[in-house]
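Below is one structure, written out as structure tokens; comments come after it.
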Amino acid sequence: DGGITQSPKYLFRKEGQNVTLSCEQNLNHDAMYWYRQDPGQGLRLIYYSQIVNDFQKGDIAEGYSVSREKKESFPLTVTSAQKNPTAFYLCASRHIGQNTGELFFGEGSRLTVL
Amino acid sequence: AQKITQTQPGMFVQEKEAVTLDCTYDTSDQSYGLFWYKQPSSGEMIFLIYQGSYDEQNATEGRYSLNFQKARKSANLVISASQLGDSAMYFCAMREDTGGFKTIFGAGTRLFVKA
């Protein structure tokens, strides 16, 4: 089945550790996005990428890093520099050129820093 | 600067009645897209409806319609004949069609449907 797979679904991390969240899509979509969602709040854009080997900072990129070495994959690293990393992280993708171009989302990764 | 505003943190509606969820946006782009997504308590994001900035007709998808008022920069979602399963968070989103297709979301409105 086509879709977006995020892993792990739940992750616990000690303070000071980096952690990488995986996002893989088999939809052949060009653009991919990472969002952070805090309880009861909206989605805030961390990073996005239109094409391989290119990505742009979103509104809250500090303390995060990404790579886009393959079209299918857009991993997000939460670094120790991120002061408040506990959150729900959503990865999304879309096909550029499609009329509506809605985002397709993964099921999310819930990160808890102990 | 690109911005989405949803001013209703929570809304109640009686089952079978219609409800309007407000969304205003700000952008300097001429070409953009507006979206509504639903997020049930399970956390998944469900695409509901899309409106392009050049579309003259309001978008409709089943019980969902988007009241697009370009001059006022508003894109309100109307849900007709509310059902208990409509209880969820609803997010308005905007995609600018230049500069990398950045897509941002509003803070959301939690809708409660009463039996």
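List of remarks:
- Of all residues making up segment B:68-94, the number that are in contact with a Leu (Cβ under 8 Å, 6 or more places away or on another chain) and not small (Gly, Ala, Ser): 11
- Residue match in segment A:50-64 (condition: of a type in the set (Ser, Thr, Tyr), surrounded by 14 or more Cβ atoms within 10 Å (Cβ to Cβ) and more than 11 Å from chain B (Cβ to nearest Cβ)): yes
- Just so you know, in segment B:1-17 the residues that are assigned to a loop (DSSP other than H, G, I, E, B) and of a type outside the set (S, T, N, Q) include one that is nearest to A:Arg44 (Cα to Cα), and it is B:Ala1.
- With respect to (1) touching a residue at least 60 places away in the same chain (Cβ under 8 Å); (2) in contact with a Cys (Cβ under 6 Å, 6 or more places away or on another chain), the lone exception for A:Trp34 is condition (1).
- Tally, over segment A:65-84, of residues that are in contact (Cβ under 8 Å) with a residue 60 or more places away in the chain and surrounded by fewer than 21 Cβ atoms within 10 Å (Cβ to Cβ): 2
- The condition of being within 14 Å of chain B (Cβ to nearest Cβ) and open to solvent by less than 40 Å² (accessible area, probe 1.4 Å) holds for only one of A:Phe88, A:Phe104, that being A:Phe88.
- A:Ile96 part of a loop (DSSP other than H, G, I, E, B), more than 8 Å from chain B (Cβ to nearest Cβ) and modelled with pLDDT under 95: no
- Residues (within 30 Å of A:Asp30 (Cβ to Cβ) and touching a Ser or Thr at 6+ places or on another chain (Cβ under 8 Å)) located in segment A:1-19: A:Ile4, A:Thr5, A:Gln6, A:Ser7, A:Pro8, A:Lys9, A:Tyr10, A:Leu11, A:Asn18, A:Val19
- If only residues of segment A:1-49 that are among the basic types (Lys, Arg) and part of a loop (DSSP other than H, G, I, E, B) are counted, the one that is farthest from the other protein chains (Cβ to nearest Cβ) is A:Lys14.
The values are calculated or read from the model by the stated rules, or taken from the named source; none is laboratory data. This one's a predicted model, so the numbers in the text were calculated from it and none came from an experiment. Counting neighbours? That spans all protein chains shown, and the Cβs are built from the backbone with ideal geometry, glycine included. Accessible surface areas use protein heavy atoms only, side chains included; no ligands, DNA or RNA. Shrake-Rupley method; radii C 1.70, N 1.55, O 1.52, S 1.80 Å.
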